[in-house]
Every structure is written in structure tokens, then in C-alpha cells.
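*Asks:* Take a look at this one; I'll ask things after.
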Amino acid sequence: MALGSQSTNAEIVMPTVFRVMRKDFDNLPTVNQTSLGVRPGTDVDLDAQNNVLVNGKGMSVSPNWRNINIHRIPKRLRPLLAGAGGSNTWFCFRTGSGPFQQGSLATGLTLEPDSATHGNVVPVQIVPLTTYAANLTATRSDWVEDET
């Protein structure tokens, strides 16, 4: 784009993140607390009104599936990653195309890396757990299986 020109459709590059999840009949991630979702009290903290606190906790992701805990990586990927020991009913999914750095991931969600190999998808502000869960679910069609 030339200097000084304006665009109404500015392209926002979302960070690339990976997560191991189960998949449904349509080959998209299953929506539940251990796939595309979070476990209250474990993955996120809630206040007395059932709102998700903004404290860096959220849905765990990595910049590459090879950075995920080896016990979650499906066994079928042992030829690509020695020691992979997870269930073959789990699959590596990816979303985004940008660098693994703090930034907007989707409506109401941001990536907060806590190391070069791990981060959390967190709400951008304090929201009810149902809103956070709905925002995570809204990303479902953005995830693609990627075990390369």
C-alpha cells in the first residue's frame, strides 16, 4: 500500500498457534473443556460472579505442535517426534499465520505468550465465563488440522 493511502479492510495478522484437540464428525475441533475450551479453576480463574479474571491464564497453545507436551502429541506422530505418547484420537490443530507474539487472536481474545514455546488465549477484558467460552467456540472454523 502506498504511503498515505488508506484501506478500509486493513489485514490483521493473527498469531500462529497450535493446540492438540479431539475433532468432531466435520473434522473441526470438538468444543469442550479439554479441546476447544477451558476448565474453570484449572485453566482460568473466576470471580464470585463467574467472570473470567484477566491474569494471563487461559486456553493453552504453542507456536508449533512439537512444543506441546509430548504426552499429548498423538502416538502416530512418533516418526516425526520421538516419544510422542498421546492418544491417536487427538489431533494437532493450527490457527493464525503471524508470529507467536502478544496480539489479537479473535474477537474478544488475545494471545499472551509466557515463553517462546507456550502461551494462553485469554479474554481481552473481564467477561462472564459463558462469553469467553462463546468467543473460543467462535474460532472453531478457523482451526485446521496440521501435523506436518
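Every number here is computed from the coordinates shown, using simple stated rules; none is lab data. This structure is a prediction, so every number in the text was calculated from the model and none was measured. Cβ coordinates were reconstructed from backbone atoms using ideal geometry, including for glycine residues, and neighbour counts include every protein chain displayed.
*Asks:* Based on Cβ point charges of +1 for Lys and Arg and -1 for Asp and Glu, what charge dipole magnitude is obtained for region 17-145 about its Cα centre, in debye rounded to the nearest 20? Please list the in-between numbers first.
*Replies:* Values: 12 positive and 9 negative charges, 126 e Å.
It comes to approximately 600 debye.
*Asks:* If you don't mind, there's one more thing I want to ask. Using 7 Å Cα-to-Cβ label points, what is the Val13/Thr131 separation (nm, one decimal)?
*Replies:* 3.0 nm
*Asks:* At a 10 Å Cβ-Cβ cut-off, how would you order Arg39, Arg72, fewest neighbours first? Display every interim value, and only then the final one.
*Replies:* Details: Arg39 11, Arg72 17.
Ranked by crowding around the Cβ, least crowded first: Arg39, Arg72.
*Asks:* Local charge sum around Leu80 (other residues, Cβ-Cβ under 15 Å, Lys/Arg +1, Asp/Glu -1)? Before the final figure, lay out the partial values.
*Replies:* Details: positive: Arg66, Arg72, Lys75, Arg76, Arg78, Arg94; negative: Glu145, Asp146, Glu147.
Net charge around Leu80: +3.
*Asks:* Sticking with this one: Which of rounded, prolate, oblate describes the chain, given a ≥ b ≥ c as roots of the alpha-carbon gyration tensor eigenvalues and a/c under 1.5 marking rounded, otherwise prolate only if a/b is larger than b/c?
*Replies:* Numbers: a/c = 1.78, a/b = 1.18, b/c = 1.51.
It comes out oblate by the Cα gyration axes.
*Asks:* Relative to the present Cα-Cα distance, how much length would full extension add between Asp146 and Gln49 at 0.36 nm per residue of separation? Before the final figure, lay out the partial values.
*Replies:* Numbers: separation 97, 0.36 × 97 = 34.92 nm, distance 3.77 nm.
Result: 31.2 nm gained on full extension.
*Asks:* Using the Cα centre of the chain as origin and beta-carbon charges of +1 (Lys, Arg) and -1 (Asp, Glu), tell me which of Gly98, Leu111, Pro63 is placed farthest towards the positive end of the dipole.
*Replies:* Pro63
*Asks:* Calculate one ³J(HN,Hα) per residue across region 59-66 by plugging θ = phi - 60° into the Karplus curve 6.51 cos²θ - 1.76 cosθ + 1.60, and present them in order as whole Hz with x for glycine and proline.
*Replies:* For region 59-66, the Karplus curve yields 7, 5, 9, 9, x, 7, 5, 5 Hz.
*Asks:* Thr42 to Ala82: FRET efficiency via 1/(1 + (r/R0)^6), r the Cβ-Cβ distance, R0 41 Å, to the nearest 0.05?
*Replies:* Plugging the Cβ-Cβ distance into 1/(1 + (r/R0)^6) gives 0.90.
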